[in-house]
1. Could you order peptides 332-340, 167-175 by the average number of other Cβ atoms within 10 Å of their residues, highest first?
2. When ranked by the protection proxy of mean other Cβ atoms within 10 Å per residue, highest first, what sequence do the peptides 669-679, 620-630 form?
3. Would you report the distance distribution of C-alpha pairs in the stretch 389-505 as whole percents per 10 angstrom bin, up to the bin with the largest distance?
4. Using DSSP, restrict attention to beta bridges with both residues in the chain and report what percent are antiparallel, rounded to the nearest 5.
5. Could you state the number of Å between the C-alpha centres of the stretch 481-529 and the stretch 223-289?
6. Add -39500 (n - 2.57) for each DSSP H run of 4 or more in the chain, then divide by its residues: what number comes out at 222 nm, to the nearest 500 deg cm²/dmol?
7. Take the Cα coordinates of the stretch 525-655, assign each an equal point scatterer, and use the Debye formula without solvent to give log10 I(q)/I(0) at q = 0.17, 0.18, 0.20, 0.22 Å⁻¹.
8. From the square roots a ≥ b ≥ c of the eigenvalues of the alpha-carbon gyration tensor of the stretch 667-775, which class results: rounded (a/c under 1.5), prolate (a/b over b/c), or oblate?
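The values are calculated or read from the model by the stated rules, or taken from the named source; none is laboratory data. Just so you know, these numbers come straight off a predicted model, no measurement behind them. With ideal geometry, Cβ positions are generated from the backbone for all residues, glycine too; neighbour counts draw on all protein chains shown. Protein only, heavy atoms only, side chains kept; ligands, DNA and RNA dropped before computing areas. Shrake-Rupley method; radii C 1.70, N 1.55, O 1.52, S 1.80 Å.
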Amino acid sequence: FFVMDELNKQVVQQVLAGSSFANLPKHVKQSVGNEKQYNQIICKYYLKRQMAWKKDSLIARVVPDSRQYYLQLVKYSHNDLMVYPYHVQDELIRGMRLTPFKYYYNIMQEVMDSEKSYDTIPNFSAADGVRLLGIGRNQFIDIMNQCRQKSWLWNKKKTIIQKLLPTEAKDFDFEHWWEVRLSSLTEEDRRKATEDELVILEALYQHQSTGIPQLAGYFNKRNLMDLYKKNIIYFHLPLEADDKISVPPLGEGFVMNRVQGDYFENLLYQIFVSVDERTTLNQLASVLKIDLEAVKTAVSVYIRLGFAKKKTIEKLPRTEAEIEIMKKNAAISKEAPVWDRSWIVLKETKESEDSADSVGLPWENQSAGSGAKSKLALEFYERMGLDPETLTSKRIAFMFDSTITAFLMMGNLASGLKSHAVTLFEVGKLTDEAMDDFLQELDKVSTGAEEGEAQRYFDHAITLRNTIRFLRYNEQNYLPGSDGGVDLFRCERLDSLESDTVRRILMNNYALVISMAPITHEVNSITSSVPVHHGASIPELNSPWFSIFLYSELQCGPPSLLLPLGSRLLHLPEVLNDYHLFLVTAFRHDSQVLPANNVLASINDMLLVSPVLIQGYSLEDEEPETVDVALPLPLDATEEAHVEDWNKENMKNHPLVHKIVNSFHLQQSIGFIRMVKSSFNGESDWVAISLEFGMPLFDIKMNDYVCDAIAARKLFSEENLQKHSYSMRLLCLRFLHFVEEFTVDLASELNPDQLPLPTVSVGFDKFSGLYTRSR
């Protein structure tokens, strides 16, 4: 999780261990240089992570004065436009009078004064700025336009900006369980306070010495907001190791600007995609292998911004009867809370009370426990005769890539989809608790009369909706012991985590993993045998290597040539000379169709940074005819050798299709085989160009067929999942043995960060079969 920059890993290990320069190993001392340079590394390490100054810490030896350190911390954070360091706000507010409002005010002023774009402010900092200053993109642009209208006073630009910026924090949402703390109270602060506010200040002052936390719910909500805006109080968010949080769909408070890439921002995104309301903060820290306090810090920022809700909190009374119980408890015990009436919202009717109790939203205040189950889930448990309390929290994980979020955001599908699309993109995850609302929005999408690219948007939205509905709380494919739910993951966000962390998340929380098909080549596919994965089992299956392997096994395929990194192609191979269109695939990139007139230049540019697969695709200027055959094959599919006119209806009977299924034992697998009508040396024939594993989302009919086949053949039964897993292991071993022939040291190259690199050019065509040639 560390952003290393120029810091040597061994040096960082010594910083983590708290080693002074005198105690450094000899070779580390040599790499550092001298004690002054080592101290600079220590400072940079602490500042990058906005770490607190502690008397017994390494930073205290380098910067003995805590105030001097925090001045450096504020300057560093300000210059990098980082999120306000709330975890050290006691020192910043009480010692330096630097409130979050003042911090973001200074940032906004400097960005405007420098005439920089609003987009230069990173996502989370921008969102916090909107919360406290009320300045989003539109307000920022409006202020800048007003400044430019007074261009004759441009030399006094800073003064103009100051007049246009707010003078105090705007009202924002806070919760009853937040702890209220006093800043360094002065006589001037007391003079500014009203009588009601002075009562609150007196109560806070009296309890300050006792150390008993004073929660916001004890005081009038409006008075607290006014005291906050006068910089007299601030809020601390008490979080414990066994607390749980939920992440609702991101609302208007989230700002899609840019990713900064600093340590804390990376941590925020890593927790975003890892957290769910079934996992405690302590368990989350264990899965991510990071310090619990760092997790608490990140989660508290989510909650402040409104991106998450703490679930394990004491409920506020919602009826007069509950208020009376609260008063009686307070009379019996001094520790029992008495919530101020300004926080209590009474239910209007008995019907609304029953409704709210039976079906709660996941981001509403919940008491400790597993959280509210949807009506769909409760009905499912009743039909199946299941006791929710005895079930594990494991469910199905469905993996998608950024094309889905792009379709949901770009297409004019349904107005309410945007917040969910933003959540899927930025958080990288949508949990089952938020799925009912997501499906309601997807239900508003209709096929319509769209054509071309627009139709793709609608088709993907519909197949995604149908797939989720099929997988969730469905007795036809229920995984024994699981809770029946489905979580969605964006694979690009998961790819930002370490591979071991991803494995721990999947093993702890999921009974089955399913990937969409096809899925982008730009990130690693999920490598998982436990839980079983319906998708590309290893990253190499989702790479050009697998195309060459497939053609070699079938002894049939389009003319193809895999070129190693750094090679140069002076002219096309003879077998490719007659082609007008080529399918070109660089490692870690999706395939693209290129015309013959610029294919050489494009390939040579790609070869500077990656191996490249080039394939003859069409002898004409138009793309060839293709047919996709869904897996598993229909039960009535029978191999036929002599068919004159292969088409979409009978391609399931093609000998090559059956050879693929039988050779790789794909009877229990889902996905599709793409057949293409290929021409070579004057002959035209159907060949398999690709084999994709997972749930097809690009075709409504194919998606419906695969879902029906899963249910009819019980493909998610324990027996069939074991058969699928065994078949995929055999295929992967066979495939990796093939790859090993064309690499230097496969074992050392098999890591999550890169694909094995070819050392020679590997080609295939119908007449020569598999062949190699030197660079």
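1. On the way: 332-340: 12.2, 167-175: 14.3.
In decreasing order of mean packing, 332-340, 167-175 become 167-175, 332-340.
2. Working: 669-679: 21.1, 620-630: 15.3.
Put in order of decreasing packing, that is 669-679, 620-630.
3. Whole-percent P(r) values from 0 Å outward: 13, 42, 32, 12, 1.
4. Numbers: 49 of 65 bridges.
Roughly 75 percent of the DSSP beta bridges within the chain come out antiparallel.
5. Using only Cα atoms, the two centres lie 23 Å from each other.
6. Numbers: 30 runs with 321 residues, N = 775.
After summing the helix terms and dividing by the residues of the chain, the value is -12500 deg cm²/dmol.
7. Values returned for q = 0.17, 0.18, 0.20, 0.22 Å⁻¹ are -1.06, -1.13, -1.24, -1.33.
8. Working: a/c = 2.64, a/b = 1.34, b/c = 1.97.
The shape class here is oblate.
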